[in-house]
C-alpha cells in the first residue's frame, strides 16, 4: 500500500472517535503537522494540543480496540473509497462550507462535472404533482449536464435519482448511515445503479445505523455539494426544510416549488417562498439560476490546451491525482529545467497548482483551502 493509502487509515480512525469533529481535527493537524503523528500522540501531548481529559481517554480507548488494517480491508473489499480534506478530488463545492466533513466514504466516483450540481429534495409522502415535477426537473438537469444531488430517501429523493439515471445523467446520493447500511433497504438496487453513474456518499463510518439524528447533518452535505437547492414538496415539519436552512446558511441558491394552498405537502414550500425562496415555476427557472451559459464557457476553457508545446506536454500528463515533478519529467521525456519552467508558467497562468511535496494537479481539479468554524 502507498504512503498516501497508509495515511488514510488514520483519517478513518479519527472518524471513529466520538467528539473529534472538523474543528478539533484541524487543531490536531496544526499542532502535530501530520495525521499519523496526531493519531499516535501520547496522552500528555494530546492534552497540550487542547483535548480534554475525557476526549483524550476516548481517543486512547478507540486506538486500543480499533484495528485499522481490518477497517481498511473491509472498505477495500466492498469497493469503497476514502476521500479526505487532503485529497484533490474532495468535492470543490463542499470544501467551501464552514467545517466540511474531514472524511467522505464514497461508493462510485466523483468527477469534475460534479462541480455543477443541484439538489432536489422533499417529502417522503409525495403527491402525483410532486412526482411529475421531480421527474421533469431531474430529466432536464440530466439533459443539461447538471449532476442531481439528493438523499436517496423514499418519495421525492428516490424519484429524483431514478429520473436522472433514466435520462442518462449523473447523480450523487448522500446517506445518513454507513455505506454498508443502505436506507431504506428497498433502495439497495437504486444505490447500485447510482454508483455506476455517480456516487453514494456519507461521512458516517461502516456499521452506522440510519438513526434519526444522523439525517440533519446529512442534509448539510447535500446542500454543500450543490450550487442550488430545490425543495419540491414539504410539509410544515419536513426534514427537507432543514436542507433549505443549510442552503441559506451556505449561500446556495434556494428554490421552492409552489403548490396548492389546500395541499399539506405544499405548506412548507409555500412558506419558504413567503420567506424569500425563489418560486420555481418551470425547469427554465432552475437552469437560469444555475447559469448554464457560465458552465458551458468554463467547460470550454477546461478543454483548451496551452499554446506552448512544452507547456502542452506537461499539462497533458496532469490530472486530478497529484503527480511528483520527477514523474512528470519521466512521462514527458523533457529536461528537469524545462519541466520546472513549464510548471512555473502554467501555475502563473492558473492552469496547474502545486499541492505540496513538489506534486502538481490541474488547477480545475485542485483542492481549495477548507474553512473550519
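The values are calculated or read from the model by the stated rules, or taken from the named source; none is laboratory data. Computed from a predicted model, the values in this text were never measured in an experiment. With ideal geometry, Cβ positions are generated from the backbone for all residues, glycine too; neighbour counts draw on all protein chains shown.
Some notes on this structure:
- Only one of the numbered conditions (1) loosely packed, with under 15 Cβ neighbours inside 10 Å; (2) under 18 Å from the mean Cα position of the chain (by Cα) is violated by residue 50, and that is (2).
- Within the range 39-80, tally of residues that are assigned to a helix (DSSP H, G or I) and farther than 13 Å from residue 17 by Cα: 17
- Condition broken by residue 121, with the remaining ones in (1) in contact with a strand residue (DSSP E or B) (Cβ under 6 Å, 6 or more places away or on another chain); (2) surrounded by fewer than 23 Cβ atoms within 10 Å (Cβ to Cβ); (3) under 27 Å from residue 270 (Cβ atoms) satisfied: (2)
- Conditions (1) under 18 Å from the mean Cα position of the chain (by Cα); (2) over 16 Å from residue 229 (Cα atoms); number of the one not met by residue 131: (1)
- Residue check for residue 246: farther than 19 Å from residue 103 by Cα and assigned to a strand (DSSP E or B): no
- Candidates 142, 118 - the one that is part of a helix (DSSP H, G or I), in the same structural domain as residue 271 (by TED's automatic domain parsing) and over 12 Å from the mean Cα position of the chain (by Cα): 142
- Checked against the criterion of being surrounded by fewer than 24 Cβ atoms within 10 Å (Cβ to Cβ) and within 18 Å of the chain's Cα centre (by Cα), the candidates 163, 197, 150 yield just one match: 197.
- When restricted to residues that are modelled with pLDDT under 95 and out of contact with any helix residue (DSSP H, G or I) (no Cβ under 9 Å at 6 or more places or on another chain), the range 28-42 contains 2.
- Subset of the range 136-161 [in contact with a helix residue (DSSP H, G or I) (Cβ under 7 Å, 6 or more places away or on another chain) and closer than 26 Å to residue 210 by Cα]: 138, 147, 148, 149, 150, 151, 152, 156, 158, 159, 160, 161
- Qualifying residue in the range 95-104 (condition: touching a helix residue (DSSP H, G or I) at 6+ places or on another chain (Cβ under 6 Å) and more than 25 Å from residue 362 (Cβ to Cβ)): yes
Every residue, every condition in (1) surrounded by 13 or more Cβ atoms within 10 Å (Cβ to Cβ); (2) on the phi < 0 side of the Ramachandran plot; (3) touching a strand residue (DSSP E or B) at 6+ places or on another chain (Cβ under 7 Å); (4) not assigned by TED's automatic domain parsing to the domain that holds residue 360, yes or no:
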site	(1), (2), (3), (4)
61	no, yes, no, yes
65	no, yes, no, yes
69	no, yes, no, yes
85	yes, yes, no, yes
88	yes, yes, yes, yes
91	yes, yes, no, yes
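- Spans of strands (runs of 3 or more DSSP E) in the range 154-240 with at least 3 residues touching a strand residue (DSSP E or B) at 6+ places or on another chain (Cβ under 7 Å), at pLDDT 95 or above and over 19 Å from residue 101 (Cα atoms): 228-231
- Taking residues in the range 220-238 that are outside the structural domain of residue 203 (by TED's automatic domain parsing), and partners anywhere that are at pLDDT 95 or above and surrounded by fewer than 24 Cβ atoms within 10 Å (Cβ to Cβ), not one pair has Cβ atoms closer than 8 Å while being at least 6 places apart or on different chains.
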